[in-house]
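Engineer: I'd like to ask you about the structure that follows.
The values are calculated or read from the model by the stated rules, or taken from the named source; none is laboratory data. The shown structure was predicted, so the numbers you read here are calculated from the model rather than taken from an experiment. Cβ atoms come from the backbone with ideal geometry, glycine included; neighbour counts cover every protein chain shown. Surface areas here come from the heavy atoms of the whole protein model, side chains and all, with no ligands, DNA or RNA. Shrake-Rupley method; radii C 1.70, N 1.55, O 1.52, S 1.80 Å.
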Amino acid sequence: MARLSDPVTILKGVGPTKAKQFAALNIYTLEDLICHFPRAYEDRTKMVPIGQLEVDKPACFRAVVMNNPRTHHVRKGLDITKVQVADHSARLNLVFFNQKFTAEQLQYGREYVFYGTLSGDYMGYNMTSPSFEAPDSTPITTRRVLPIYPLTAGLSNASVVKAVQQALAICDPPAEILPPQVLEKYRILPAEQAYYAIHQPQSMAQADQARKRLIFEEFFVFSAGLALMRAARAVKKTPAYRNMDLQDFYSVLPFTLTGAQDRAIREIAADLQKGTPMNRLVQGDVGSGKTMVAAAVAYLTVQNGRQAALMAPTEILAEQHFASLSRLLTPLGVQVSLLTGSMTVKQKKQTRQCIEDGTAQLIVGTHALVSESTVFADLGLVIADEQHRFGVGQRSALSSKGQDPHVLVMSATPIPRTLALLMYGDLEVSVLDELPPGREPVDTFLVGESYRARINAFIRKQVAEGHQCYVVCPAVEEGEELNLKAAETWADTLQKTVFPELRIALLHGQMKGAQKEQVMGSFAAAQADVLVATTVIEVGVDVPNATLMVVEDADRFGLSQLHQLRGRVGRGGAKSYCILVSQNKNPETLARLKALCKTTDGFKIAEEDLALRGPGDFFGSRQSGLPVFRVASLSCDLQTLKLAQQASVEWIEAMGTSDTPESQALRSRIAQLFARSQGTMN
Ligand code: ADP
Ligand code: MG
């Protein structure tokens, strides 16, 4: 008997080459292999006589080979092998393209089981490249429900099938981790059966049952993990805030808060008076005014004698928050400091000194805040802006700088309910579902290259009216180099050949922090008319005078991302526009982009995006902080998610949070899942 931790190379037929291919799929051990689940199945159980085969309906049949296979070399790179087979009902011509070696194994006079799809017309019927095996062999490609695995270059489905089959024959699948009472109550297939059935189902129904079980398990593990964390936090203590007076704060605000902002602040204030650490998400569409909510909470924190830290994902954003928060709070006597990586060593040292001795009360910064040399006198509140952009490591590193500080995360990405349930299962949520008054929706258009002259004229017109424009260029996939060049070249072209009379500025991710700030600063100060940028401006940037955004190659962006980008305009009083330029002719792509022209509702757009692209890509790669699920798909397994969540809550209520021996396997699985996801959790 082999062990789950044994390398795949102990399997017959898995040498160094195969091992490398498996490694490309992150499969190293037998356990990895057994946990490499099929993405689909082909029902090859149906056997019919040749005479009853139907065109375009794949099926299995038994037949005898009627002649020796003959291969014709048609031209370079094209061999055709033909052979005729027959059963009691009919004859059938088989055709194989470039499969000489395989096809010529068919022996005249012998019987095989075939699986294939009949094609044909009035000229007659034939079948192209069927799979076949001897009737007395173990069914691999015929007479079964065939699992279809995710593959990689060079690795065939058949070799994965064989490897998995072997692995399951020589070692036991992973042990059961779900509590017996859960299995019973939710009528869940036991683990052992599920692992066999997902790889070697007797029927499609069985495959489905196995899949359900494994999805349930993933969701259960995940939500049990969240529930454990929530429970652990509930017993933590932190001094309750007592001074909740916001009168002075309100008196310096240049506007009245929206109802939604008010409500969020009240919800947060209630958390802060409880004496347990807060963990709350403020979610609001672009422009809904999250910064003011953060400011209010930071102010309360300082009024209660503790420090607040606001972490922004980019230097530009940190700068901007620093500017607006100090404008607002300095008159109220709050010491606001900035700490970013691009500051000079001396500046950083000075600021860190103030953070350590407590003179700095509200500290705005980038991940420089979490570096080891930053020590807080008494960190009471951590605010993470645009939280999905942070590695969770950074967020929790910042939290660990205080003694269980309150945590407030702010996200502009409207998260569909399904995802919110998962990502923030352990967070309380406040929603800013109201924009400040006077905002007009941004008019959005989708145009092709033929509109170039009109686009240029429109840019000129906006600038002539005293406004500014963004031109966004996509990240080119092959790497940053190209991306950089795209924005750079385009800026150059615009300046030299299109708008010699306008002031064109350039901003991209490869620029140094100080340089970026300088560009951004001068654009904000209206010293440039057009800012050509990559998606570095996606988050948070606030220049109310910008009224037009042109997105080049818009089809390269995700819908939610475009929505974020579009949020950069329409922030002042003037009517604003967004022009999506795309040469793409794919009707689906165009439909997707048109959806964006029709609505400015971030939630609707996010739902659409999620349905189209799946959660993995939803926030851009690896930024989602979402767990990596192996079987479960968030868009279609909502029902199972709900059940699993319910089950996990019941389980924790019954067990408490104590570490019982029975829950050991489950706990280690929870740890594994969260490690794989780089932990979404605080
Ligand atoms: P978010 O971070 O949610 O995208 P911001 O906090 O950057 O939004 O706010 C967007 C703009 O709206 C800012 O210029 C801000 O000063 C302004 N703003 C915020 N709250 C209000 C309000 N209640 N009334 C009017 N303007 C507001
Ligand atoms: Mg913001």
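Engineer: In segment 304-323, which residues are away from ligand 2 (no atom under 16 Å from the Cβ) and either surrounded by fewer than 20 Cβ atoms within 10 Å (Cβ to Cβ) or part of a helix (DSSP H, G or I) (or both)?
Structural biologist: N304, G305
Engineer: While we're on this one: Quick one: how many residues across segment 258-291 are open to solvent by 20 Å² or more (accessible area, probe 1.4 Å) and either among the hydroxyl-bearing types (S, T, Y) or at pLDDT 95 or above (or both)?
Structural biologist: Selection size over segment 258-291: 9.
Engineer: Condition first: open to solvent by 40 Å² or more (accessible area, probe 1.4 Å) and in contact with a Ser or Thr (Cβ under 7 Å, 6 or more places away or on another chain). Now tell me which residues in segment 133-146 satisfy that.
Structural biologist: Of everything in segment 133-146, just one residue is open to solvent by 40 Å² or more (accessible area, probe 1.4 Å) and in contact with a Ser or Thr (Cβ under 7 Å, 6 or more places away or on another chain), namely R143.
Engineer: Condition first: under 31 Å from the mean Cα position of the chain (by Cα) and assigned to a helix (DSSP H, G or I). Can you find one or more residues in segment 355-367 that meet it?
Structural biologist: Taking segment 355-367 first, the residues under 31 Å from the mean Cα position of the chain (by Cα) are 363-367.
Right, trim to assigned to a helix (DSSP H, G or I) and you get 367.
Among the residues of segment 355-367, at least one is under 31 Å from the mean Cα position of the chain (by Cα) and assigned to a helix (DSSP H, G or I), which makes the answer yes.
Engineer: Something else about it: Among the residues in segment 477-484, are any modelled with pLDDT of 85 or more, open to solvent by 40 Å² or more (accessible area, probe 1.4 Å) and assigned by TED's automatic domain parsing to the domain that holds A525? Reasoning before the result, please.
Structural biologist: In the first step, residues of segment 477-484 are kept if they are modelled with pLDDT of 85 or more; the result is none.
For segment 477-484, residues modelled with pLDDT of 85 or more, open to solvent by 40 Å² or more (accessible area, probe 1.4 Å) and assigned by TED's automatic domain parsing to the domain that holds A525: absent.
Engineer: Shifting gears a bit: Away from ligand 1 (no atom under 16 Å from the Cβ), free of Cβ contacts under 8 Å to residues at least 24 places away in the same chain, at negative phi and not aromatic (F, W, Y), is that true of Q273?
Structural biologist: Details: away from ligand 1 (no atom under 16 Å from the Cβ): yes; free of Cβ contacts under 8 Å to residues at least 24 places away in the same chain: no; at negative phi: yes; not aromatic (F, W, Y): yes.
Against the criterion (away from ligand 1 (no atom under 16 Å from the Cβ), free of Cβ contacts under 8 Å to residues at least 24 places away in the same chain, at negative phi and not aromatic (F, W, Y)), Q273 does not qualify.
Engineer: From the list A269, A298, A308, which one is assigned by TED's automatic domain parsing to the domain that holds S400 and touching a Gly at 6+ places or on another chain (Cβ under 8 Å)?
Structural biologist: Working: A269 fails: touching a Gly at 6+ places or on another chain (Cβ under 8 Å); A298 fails: touching a Gly at 6+ places or on another chain (Cβ under 8 Å).
Selected residue: A308, the only one of A269, A298, A308 that is assigned by TED's automatic domain parsing to the domain that holds S400 and touching a Gly at 6+ places or on another chain (Cβ under 8 Å).
Engineer: Among the residues of segment 403-418, are any modelled with pLDDT of 80 or more, away from ligand 1 (no atom under 16 Å from the Cβ) and in contact with a Leu (Cβ under 6 Å, 6 or more places away or on another chain)?
Structural biologist: In the first step, residues of segment 403-418 are kept if they are modelled with pLDDT of 80 or more; the result is 403-411.
Those left that are additionally away from ligand 1 (no atom under 16 Å from the Cβ): 403-407.
Within this subset, residues satisfying the condition of being in contact with a Leu (Cβ under 6 Å, 6 or more places away or on another chain) are 405-406.
For segment 403-418, residues modelled with pLDDT of 80 or more, away from ligand 1 (no atom under 16 Å from the Cβ) and in contact with a Leu (Cβ under 6 Å, 6 or more places away or on another chain): present.
A quick yes/no check of all residues on (1) free of Cβ contacts under 8 Å to residues at least 60 places away in the same chain; (2) within 23 Å of P239 (Cα to Cα):
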site	(1), (2)
G287	no, no
M292	yes, no
T301	no, yes
E319	no, no
L325	yes, no
P331	no, no
T340	no, no
R352	yes, no
D357	yes, yes
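Engineer: Given the criterion under 27 Å from E319 (Cα atoms) and either open to solvent by less than 60 Å² (accessible area, probe 1.4 Å) or part of a loop (DSSP other than H, G, I, E, B) (or both), identify the matching residue among Q518, Q527, Q583. Spell out the reasoning first.
Structural biologist: Values: Q518 fails: either open to solvent by less than 60 Å² (accessible area, probe 1.4 Å) or part of a loop (DSSP other than H, G, I, E, B) (or both); Q583 fails: under 27 Å from E319 (Cα atoms).
Every option except Q527 fails the conditions.
Engineer: Can I ask one more? Out of the residues in segment 442-468 that are in a loop (DSSP other than H, G, I, E, B) and away from ligand 1 (no atom under 15 Å from the Cβ), state the one that is modelled with the lowest pLDDT. Can you show your working first?
Structural biologist: Residues of segment 442-468 that are in a loop (DSSP other than H, G, I, E, B), as a first pass: 442, 448, 465-467.
Then keep just the ones that are away from ligand 1 (no atom under 15 Å from the Cβ); that gives 448, 465-467.
Numbers: G448: 92, E465: 95, G466: 95, H467: 96.
The residue in question is G448.
Engineer: Just checking, how many residues over segment 530-539 are within 15 Å of ligand 2 (Cβ to nearest atom) and open to solvent by 20 Å² or more (accessible area, probe 1.4 Å)? Please lay out each step first, then the result.
Structural biologist: Step one: list which residues in segment 530-539 are within 15 Å of ligand 2 (Cβ to nearest atom), which gives 536-539.
After this cut, where a residue has to be open to solvent by 20 Å² or more (accessible area, probe 1.4 Å) as well, the list is 536.
Selection size over segment 530-539: 1.
Okay, residues lined up against (1) surrounded by 14 or more Cβ atoms within 10 Å (Cβ to Cβ); (2) part of a helix (DSSP H, G or I); (3) at pLDDT below 85; (4) among the hydroxyl-bearing types (S, T, Y):
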{"residue": "A595", "(1), (2), (3), (4)": "yes, yes, no, no"}
{"residue": "T600", "(1), (2), (3), (4)": "yes, no, yes, yes"}
{"residue": "D609", "(1), (2), (3), (4)": "yes, yes, yes, no"}
{"residue": "P615", "(1), (2), (3), (4)": "yes, yes, yes, no"}
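Engineer: Shifting gears a bit: Being assigned to a loop (DSSP other than H, G, I, E, B) and more than 25 Å from E434 (Cβ to Cβ) narrows it down to one of S342, S326, S337, so name that one.
Structural biologist: Working: S326 fails: assigned to a loop (DSSP other than H, G, I, E, B); S337 fails: assigned to a loop (DSSP other than H, G, I, E, B).
Being assigned to a loop (DSSP other than H, G, I, E, B) and more than 25 Å from E434 (Cβ to Cβ) holds for just one of S342, S326, S337, which is S342.
Engineer: Within segment 245-270, track down each residue that is under 14 Å from V429 (Cα atoms) and free of Cβ contacts under 8 Å to residues at least 12 places away in the same chain.
Structural biologist: First, the residues of segment 245-270 that are under 14 Å from V429 (Cα atoms): 260-261, 263-270.
Once the filter is applied, which keeps residues that are under 14 Å from V429 (Cα atoms) and free of Cβ contacts under 8 Å to residues at least 12 places away in the same chain, segment 245-270 yields R266, A270.
Engineer: Hey, among the residues in segment 542-569 that are assigned to a loop (DSSP other than H, G, I, E, B) and over 16 Å from D529 (Cα atoms), which one's most open to solvent (accessible area, probe 1.4 Å)? Lay out the reasoning, then the answer.
Structural biologist: As a first pass, look at segment 542-569 and keep what is assigned to a loop (DSSP other than H, G, I, E, B): 542-545, 552-553, 557-558, 567-569.
Next, only the ones that are over 16 Å from D529 (Cα atoms) stay: 552-553, 557-558, 567.
Details: E552: 18, D553: 61, F557: 8, G558: 3, G567: 11 Å².
By that ranking, first place goes to D553.
Engineer: Another one. Count, please, the residues in segment 540-581 that happen to be farther than 21 Å from K604 by Cα, under 28 Å from the mean Cα position of the chain (by Cα) and more than 16 Å from ligand 1 (Cβ to nearest atom).
Structural biologist: Residues meeting the conditions: 4.
Engineer: Taking the criterion of being modelled with pLDDT under 95 and among the small types (G, A, S), would at least one residue in segment 334-343 satisfy it?
Structural biologist: Yes, segment 334-343 contains a residue that is modelled with pLDDT under 95 and among the small types (G, A, S).
Engineer: Would a scan of segment 51-66 turn up a residue that is surrounded by 12 or more Cβ atoms within 10 Å (Cβ to Cβ) and in contact with a helix residue (DSSP H, G or I) (Cβ under 8 Å, 6 or more places away or on another chain)?
Structural biologist: yes
Engineer: If I filter segment 1-32 down to residues being small (G, A, S) and within 33 Å of the chain's Cα centre (by Cα), which single residue comes out as farthest from P173 (Cα to Cα)? Show your work before the answer.
Structural biologist: Taking segment 1-32 as the starting set, the residues that turn out to be small (G, A, S) are 2, 5, 13, 15, 19, 23-24.
Imposing the further condition that a residue be within 33 Å of the chain's Cα centre (by Cα) reduces the set to 5, 19, 23-24.
On the way: S5: 11, A19: 20, A23: 20, A24: 22 Å.
Restricting to residues being small (G, A, S) and within 33 Å of the chain's Cα centre (by Cα), the top hit is A24.
Engineer: Here is a follow-up. Among the residues of segment 106-130, what is the count of those that are surrounded by fewer than 19 Cβ atoms within 10 Å (Cβ to Cβ) and under 28 Å from A205 (Cβ atoms)? Don't jump to the end; show me each part of the working.
Structural biologist: Of the residues in segment 106-130, the ones surrounded by fewer than 19 Cβ atoms within 10 Å (Cβ to Cβ) are 107-111, 117, 119-126, 128-129.
Still in the list and also under 28 Å from A205 (Cβ atoms): 117.
Result for segment 106-130: 1.
Engineer: Sticking with this one: The conditions are (1) in contact with a helix residue (DSSP H, G or I) (Cβ under 9 Å, 6 or more places away or on another chain); (2) loosely packed, with under 13 Cβ neighbours inside 10 Å; (3) under 26 Å from E217 (Cα atoms); (4) among the hydrophobic types (A, V, I, L, M, F, W, C), and A169 fails exactly one of them. Which is it?
Structural biologist: Here A169 meets the rest and fails (1).
Engineer: What single numbered condition from (1) open to solvent by 70 Å² or more (accessible area, probe 1.4 Å); (2) within 16 Å of ligand 2 (Cβ to nearest atom) fails to hold for Q202?
Structural biologist: Looking at each condition in turn, Q202 falls short on (2).
Engineer: Still on this structure, please answer the following. Looking at R233, R213, can you tell me which residue is surrounded by fewer than 19 Cβ atoms within 10 Å (Cβ to Cβ) and either more than 16 Å from ligand 2 (Cβ to nearest atom) or assigned to a loop (DSSP other than H, G, I, E, B) (or both)? Steps first, answer last, please.
Structural biologist: Details: R213 fails: surrounded by fewer than 19 Cβ atoms within 10 Å (Cβ to Cβ).
Result of the check over R233, R213: R233.
Engineer: Check T301 against each of (1) away from ligand 2 (no atom under 16 Å from the Cβ); (2) modelled with pLDDT under 90; (3) of a type in the set (V, I, T) and name the one condition it does not meet.
Structural biologist: (2)
Engineer: Would you tally the residues in segment 247-264 being more than 7 Å from ligand 1 (Cβ to nearest atom), in a helix (DSSP H, G or I) and out of contact with any Phe, Trp or Tyr (no Cβ under 7 Å at 6 or more places or on another chain)?
Structural biologist: At the first step, the residues of segment 247-264 found to be more than 7 Å from ligand 1 (Cβ to nearest atom) are 247-254, 259-260, 262-264.
With in a helix (DSSP H, G or I) added as a condition, the list becomes 247-252, 259-260, 262-264.
Still in the running and out of contact with any Phe, Trp or Tyr (no Cβ under 7 Å at 6 or more places or on another chain): 247-248, 250-252, 259-260, 262-264.
Going through segment 247-264 one residue at a time, the tally reaches 10.
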